[in-house]
Amino acid sequence: MANLVWHSGEVKEAEIKAIATDYEEAAERLLEERDAKLRAAVDAGWKQADLVRITGYSRETIRQALNPEIRAQLRARRAAKRPASSEEKTA
């Protein structure tokens, strides 16, 4: 396995992979927070059409935000389509 070198010294491949993992986890948390806030807006009386108009999100984005089961199904389908990483292929 090759090691990468940055200005401050050696950086291992695992550290680079952690950058992507950290980003994905943070993005997921923010998405969940946004969706919870949009669901709270609907619970407070706002209509889905209002959320589309005000946020600029598509109807599909709002539909997924308001229904976590739909989002989970879409994530599972996307994950199934992703090619296996090199580590998974050799395991």
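Observations
- Scanning the stretch 8-25 for residues that are open to solvent by 100 Å² or more (accessible area, probe 1.4 Å) and either part of a helix (DSSP H, G or I) or modelled with pLDDT of 95 or more (or both) returns Tyr23, Glu24.
- The residues on offer are Glu87, Glu69, Glu28, and the sole one that is surrounded by 10 or more Cβ atoms within 10 Å (Cβ to Cβ) and at pLDDT below 95 is Glu28.
- Residues in the stretch 35-62 that are part of a helix (DSSP H, G or I) and out of contact with any helix residue (DSSP H, G or I) (no Cβ under 7 Å at 6 or more places or on another chain): Ala36, Lys37, Ala40, Asp43, Ala49, Asp50, Arg53, Ile54, Thr55, Glu60, Thr61.
The values are calculated or read from the model by the stated rules, or taken from the named source; none is laboratory data. From a predicted model like this one, the values you see are computed outputs, not experimental measurements. Ideal geometry is used to build each Cβ from the backbone, glycine not excepted, and the neighbour counts take in all protein chains shown. Heavy atoms of the whole protein, side chains included, go into the accessibility calculation; ligands, DNA and RNA do not. Shrake-Rupley method; radii C 1.70, N 1.55, O 1.52, S 1.80 Å.
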